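Each remark here refers to the structure printed beneath this line.
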Amino acid sequence: MIFMAGVSTFALSSLVAGLAWADSVLIAAHAFQGVGAAMMTPAALSLLMNTFTEGGERNKALGIWGAVGASGATMGVLLGGIFTDTIGWEWIFYLNVPVSALILIVTPLFVAESRAQNTGKSFDIPGAAAITGAIALLTYGLIDAESAGWGSAQTILLFVASAVLFVSFIVIERRSASPLMPFSIFRLRSLTGANVGGFALGASIFGMIFIVTLFMQQVLGYSPIKTGLAWLAMSLAALAPAIITSQAVTKVGVRGPMVGGLVLAAIGFGLLAGVPVDASYTTDLLPGLLIFGTGLGMAFVSASIGALEGVAERDSGLASGLINTMQQVGGALGVAILATIALSKMNNLIESGEETAAALTSGFSAALYAGIGFALLGAIAAYVLIRGPKAGAPTDDSA
């Protein structure tokens, strides 16, 4: 039911976004797209978990999930470029409507309803409000810090308010009878490591795509369609590693592939950070994109499997929602942090008399070098927290 409601919300908001008659309508519709995605993505992963038993079969299914997910972001960039250059940007949103309609028709035919009985739980509205506000204030503070000033009253107050809300969230969850986030689930080391790695992976993926897309268009002069096609290599590079990793983790566990994937992502960051202002796609961009894509396929599947390993069926929704949330929050913060670094570096260089293209390139390079830290921190956390193929036993629901 939640999955179907999420798909319906996503479809309707996509239609409104395509028809948007004002900026405010487009922004509001895009926000409701996020609501729909937040409903359907964890629900889909939870359905997958409950359909396949833990082990080889579930890993194969998660391998397909991971292959689609790992390549989906860049495929979106490709289609977005094609639509923008041809039939119009509105079709980026319109395309979601028939796809969602097909999902709504097919899902009841193949997927049985999955519902927990007699849980006695209510929705934790104070906890949800606290963590949402904390993340929103932190992200806005990072994005606007360059223009407002890092030492300005606005920036300081936003960071302080975010910290207060984060602390409030922890207090609320520990005292709530039905917490949004029962902290007992973090006794599973595999789940904890996978979520930290997933956070770092989200920051890496979205931050890198944002920065490199700007470099392609603002420095190299790529059109939207050419930019989209440039990302195709990374999407294709992620497919095979995702499938292979889903088979390998049954024997070797998730730690090795996740650490290896995040290290490859860090190498890809480094190669892309070193591109010159007159970069060639084949010799300068392509190697970094291929290596990053390979690491992405490995790490994405490993994080998805590790986040569900040892989780009791009653906690499947919580575990699925957690890994998706960590990836999305990581992505939002990754874009905010890397964009701030790039803008700060660029503005300083332009003020000192640097030519615009060179200043842009230096700013983007600084951001990508910082992105190496995301990937390496995720790799270190995964190595430390995840100890073996199986980590822990199913949790209880106590906080």
Taking the conditions exactly as written (modelled with pLDDT under 70, part of a helix (DSSP H, G or I) and either touching a Phe, Trp or Tyr at 6+ places or on another chain (Cβ under 7 Å) or not assigned by TED's automatic domain parsing to the domain that holds G297 (or both)), does T9 satisfy them or not? no
Criterion: assigned by TED's automatic domain parsing to the domain that holds A332 and surrounded by fewer than 17 Cβ atoms within 10 Å (Cβ to Cβ) - qualifying residue of I291, I244: I244
Residue under question is D315, and the condition is that it be assigned by TED's automatic domain parsing to the domain that holds V219, closer than 26 Å to G363 by Cα and charged (D, E, K, R); does it hold? no
For the range 331-341, state whether one or more residues are more than 19 Å from the chain's Cα centre (by Cα) and either more than 28 Å from I131 (Cβ to Cβ) or modelled with pLDDT of 85 or more (or both). yes
Residue check for V164: touching a helix residue (DSSP H, G or I) at 6+ places or on another chain (Cβ under 9 Å), assigned by TED's automatic domain parsing to the domain that holds T86 and not acidic (D, E): no
Given (1) within 19 Å of the chain's Cα centre (by Cα); (2) surrounded by fewer than 17 Cβ atoms within 10 Å (Cβ to Cβ); (3) at pLDDT below 70, index of the condition H30 fails: (3)
Give just the number: which of (1) more than 17 Å from M326 (Cα to Cα); (2) surrounded by 24 or more Cβ atoms within 10 Å (Cβ to Cβ) does G207 not satisfy? (1)
Which ones in the range 144-190 are buried (at least 18 other Cβ atoms within 10 Å of the Cβ), outside any loop (DSSP other than H, G, I, E, B) and not acidic (D, E)? A145, T155, L158, S162, L165, F169, I172, I185, R189, S190
Among V99, V68, which is modelled with pLDDT under 75 and in a helix (DSSP H, G or I)? V68
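Condition (residue is part of a helix (DSSP H, G or I), in contact (Cβ under 8 Å) with a residue 60 or more places away in the chain and over 18 Å from the mean Cα position of the chain (by Cα)) applied to the range 199-213: is it met by at least one residue?
no
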Expected output for the range 355-374 (first residue under 19 Å from V259 (Cα atoms), partner of a type in the set (F, W, Y) and buried (at least 17 other Cβ atoms within 10 Å of the Cβ), Cβ below 7 Å, 6+ apart or cross-chain) is G371/F269; I372/F269
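The values are calculated or read from the model by the stated rules, or taken from the named source; none is laboratory data. On a predicted model such as this, the values are computed, not experimentally measured, just so you know. FYI the Cβ positions are ideal-geometry reconstructions off the backbone, even for glycines, and counts take in every protein chain you see.
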